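The values are calculated or read from the model by the stated rules, or taken from the named source; none is laboratory data. Computed from a predicted structure; not experimentally measured. Cβ sites come from the backbone with ideal geometry, for glycine too, and all protein chains shown count toward neighbours. Ligands, DNA and RNA are stripped out before the accessible areas are found, and what is left, the full protein with its side chains, is counted by its heavy atoms. Shrake-Rupley method; radii C 1.70, N 1.55, O 1.52, S 1.80 Å.
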Amino acid sequence: MAGRVDISVEFGGVRLGNPVVTASGTCGYADELGEFMDLRRLGGFVTKSITARPRKGNPTPRIVETDSGMLNAIGLANIGLERFVEEKVPVLAGLGIPVFVNVAGETIEQYAAVVERLAGEGAIAGFELNISCPNVKKGGITFGTEAGLVKEITAAVKAACGGKMLMVKLTPNVTDISVTARAAIEAGADALSLVNTFTAMVIDIEQRKPVLANRTGGLSGPAIRPIAVYLVSKVYREVAKDAGVPIMGMGGIMTASDAIEFMIAGASAVGIGTASFVRPDCAVRVVEGIESYCERHGIGNIKDLIGSLEAG
Amino acid sequence: MADNGTSSGKGQFDAAVRENRLIGERFYKLKLEFFGEGAEAFEGFRPGQFAQVDISGTALPPADSIPDELRDSAGRDVLLRRPFSFTDVTSDRGRTWAELLYCVVGPSTLRMTTLQAGDSLSVIGPLGNGFWVPEGKKTALLVAGGMGSPPVQCLAKMLAKDYPEITPTAFAGAKRAGDLPFEGRMDEVSREIGFVLKEFGRHGIESIVATDDGSAGFKGLVTDCMVQWLTGNSAPRKEMIIYACGPEAMLAKAAAIARERGIDCQVSMERRMACGTGICQSCAVECRVEGSSETVYKLCCKDGPVFDAREVVFSDRE
């Protein structure tokens, strides 16, 4: 099967064996999904968000299911940089695929400090800048929605990367996502990932209260997929294609067909998120499905698929 | 013999539906069969552990058989798996059967009513940590509130089988008779302790039923019923243990009763969860840290669902 079709991609200076990557926050720190699939079959791994200090996260309820989707407001609960370095980085080193650490913080200095500490770790291929988590007060979302701040934080973190790849994760909660995409690229982003979740609310009509303790949460899952496909297509067309900056597309991918839509829209890689909660081996199935799609359509090199959307 | 209530070898398996039987107003018993690696994994299932069942591909029943109160929400799309504990797990020569007791409360459990013998379901498990048995226990109080009964039923069997030195007594509570997830006419059961519920009686375990409205058994909270029993029982508190599963308010009361009397208590917690495997971090349970006023969030799916009651900061939000 493999061999006839080249599904490897160049992604911001990192070569991925295939375009399928785990989306941050849905696959743990390292090998948690290893019991359900062979992680080496993935194109890459993106960790959950790491912050300088450990974070307890939000009170519960932290999630609620909606039609074809779910809202989460975890609040970036994580073990913090030091424990991550001690306990998880050695595990990541053994994964055998490119690893990208998702980094979050409350100030530019915190982001830069985390990246600086991790830049020397050989196991880490690059970073994903989370400036778009909608569930943290004073946190990422303010960075991600203002082009000036996107530029500032991207430049500061890029300078701390030690030459490693930096991908900026964009929020869809803006008027024009191309504006923030452009800001990230101008400040030195090697790649973009989009989209993060949409700020949303579910109300308990018996109590007339929001279901989530955080009141609002980020909507993910198949419900957002057509919007995410549109936004990837828009950023690709308006900004990324000409700049030569690759996109990691994500938002509700459950199947290989979903992933292929994102690639036709302009994504060089795709992130599997919410689907992993339901089918922990989903990412591997998507890899297999992309391969057979390419074979079926006589595509010898997957690069021919990326951004191949017809004018229609 | 003490054990820690865990098992190894979780995975994603296909299970075959063997039976799906209505046992009360809204309660069903679903019998699943596992084969091969799945049979092996679930043979190690411990009472209080759980499994994540994918219902997303299961059909809705015909419109005229949907209860009025669910009509509005019945068509809601199901994305996430649903966590269930089992009432009973048995194994024989490479095959394992698990019995899942469910109550029709929403779009997923409504869909489950259409499952038929021969259907296949994707099941992830066994997940989490079950009940454990500390050394030196001779009396166990099994406290089940409403749909908290499945893991308690499973535990009853294990205690009867593996711990002859322990005498369990079961306390089953609900708002009203129709909310008791047991077979038989609940409105006709005795108010006294005895072989009231056959789910416990078959293991030689006495039980008593309590309902808030008195429509079955003792009138009042199941925890009040338990206090009454404790008042009339002089066995050393150190040799007792309370195992509880049910609504959080009930667990909080059971924990308080246990603490006041110096009785060990384990509670099986419930939280909204997406993955069930410790990744999504949704199912946080606030826990005390020994020797500190700070609390931490542990995960219901991975650190629990069974916790030592002293550890848990009970919440009124879930």
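Yes or no: segment A:189-200 includes at least one residue that is modelled with pLDDT under 95, open to solvent by less than 10 Å² (accessible area, probe 1.4 Å) and either under 30 Å from A:Pro280 (Cα atoms) or in contact with an Asp or Glu (Cβ under 6 Å, 6 or more places away or on another chain) (or both). No, every residue in segment A:189-200 fails to be modelled with pLDDT under 95, open to solvent by less than 10 Å² (accessible area, probe 1.4 Å) and either under 30 Å from A:Pro280 (Cα atoms) or in contact with an Asp or Glu (Cβ under 6 Å, 6 or more places away or on another chain) (or both).
Determine whether segment B:208-223 contains at least one residue that is surrounded by 15 or more Cβ atoms within 10 Å (Cβ to Cβ) and assigned to a helix (DSSP H, G or I). Yes; the residues of segment B:208-223 include at least one that is surrounded by 15 or more Cβ atoms within 10 Å (Cβ to Cβ) and assigned to a helix (DSSP H, G or I).
Residue-level analysis places A:Pro61 among those that are assigned to a loop (DSSP other than H, G, I, E, B) and more than 25 Å from A:Ala267 (Cβ to Cβ). Count of segment A:65-104 residues, restricted to those that are farther than 20 Å from A:Ser193 by Cβ, more than 13 Å from chain B (Cβ to nearest Cβ), in a loop (DSSP other than H, G, I, E, B) and hydrophobic (A, V, I, L, M, F, W, C), is 0. In segment B:249-269, what count of residues is obtained for those that are within 11 Å of chain A (Cβ to nearest Cβ) and of a type outside the set (A, V, I, L, M)? Result for segment B:249-269: 0. Checked against the criterion of being at pLDDT 95 or above and touching a Lys or Arg at 6+ places or on another chain (Cβ under 6 Å), the candidates B:Ser282, B:Ser268 yield just one match: B:Ser282.
Let's see how each residue does on (1) closer than 15 Å to B:Asn129 by Cα; (2) open to solvent by 30 Å² or more (accessible area, probe 1.4 Å):
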| position | (1), (2) |
| --- | --- |
| B:Ile279 | no, no |
| B:Arg288 | no, yes |
| B:Ser293 | no, yes |
| B:Tyr297 | no, yes |
| B:Cys300 | yes, no |
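One residue stands out among those in segment B:302-318 that are open to solvent by 20 Å² or more (accessible area, probe 1.4 Å) and more than 23 Å from B:Phe45 (Cβ to Cβ): the one that is farthest from the other protein chains (Cβ to nearest Cβ), which is B:Arg310. Restricting to segment B:109-126, and then to whatever is among the β-branched types (Val, Ile, Thr) and within 14 Å of chain A (Cβ to nearest Cβ), can you tell me which residue is nearest to B:Phe35 (Cα to Cα)? By that ranking, first place goes to B:Val123. Checked against the criteria, B:Glu290 does not count as in contact with a Lys or Arg (Cβ under 6 Å, 6 or more places away or on another chain), closer than 22 Å to B:Tyr243 by Cα and charged (D, E, K, R). Residue count for segment B:69-83 satisfying the condition of being more than 10 Å from chain A (Cβ to nearest Cβ) and open to solvent by less than 30 Å² (accessible area, probe 1.4 Å): 2. The residues of segment B:48-68 that are closer than 29 Å to A:Arg279 by Cβ and away from every other protein chain (no Cβ under 13 Å), listed by number, are B:Gly48, B:Gln49, B:Phe50, B:Ala51, B:Thr58, B:Ala59, B:Leu60, B:Pro61, B:Pro62, B:Ile66.
Among residues of segment A:180-206 that are farther than 25 Å from A:Ala243 by Cα and of a type outside the set (Gly, Ala, Ser), those with a Cβ under 6 angstrom from a residue that is open to solvent by less than 40 Å² (accessible area, probe 1.4 Å) and in a helix (DSSP H, G or I), sequence gap 6+ or separate chain, pair up as A:Phe198/A:Ile224. When A:Gly28 is tested against (1) more than 19 Å from B:Ala284 (Cα to Cα); (2) in a loop (DSSP other than H, G, I, E, B), just one condition goes unmet, and that condition is (1). Residues considered: A:Ile253, A:Ile302. Of these, the only one that is touching a residue at least 60 places away in the same chain (Cβ under 8 Å), open to solvent by less than 30 Å² (accessible area, probe 1.4 Å), of a type in the set (A, V, I, L, M, F, W, C) and closer than 30 Å to A:Arg182 by Cα is A:Ile302. The set of residues in segment B:163-190 being part of a helix (DSSP H, G or I) and surrounded by 21 or more Cβ atoms within 10 Å (Cβ to Cβ) consists of B:Asp179, B:Met186. Answer yes or no: is there a residue in segment B:119-139 that is open to solvent by less than 30 Å² (accessible area, probe 1.4 Å), within 23 Å of B:Gly214 (Cα to Cα) and among the aliphatic types (A, V, I, L, M). Among the residues of segment B:119-139, not one is open to solvent by less than 30 Å² (accessible area, probe 1.4 Å), within 23 Å of B:Gly214 (Cα to Cα) and among the aliphatic types (A, V, I, L, M), which makes the answer no. Residues in segment A:261-288 that are farther than 27 Å from A:Tyr29 by Cβ and either assigned to a helix (DSSP H, G or I) or touching a Cys at 6+ places or on another chain (Cβ under 6 Å) (or both): A:Glu261, A:Met263, A:Ile264, A:Ala265. Screening the candidates A:Arg62, A:Arg4 for the property of being over 21 Å from A:Gly218 (Cα atoms) and either away from chain B (no Cβ under 13 Å) or open to solvent by less than 10 Å² (accessible area, probe 1.4 Å) (or both) yields one hit, A:Arg4.
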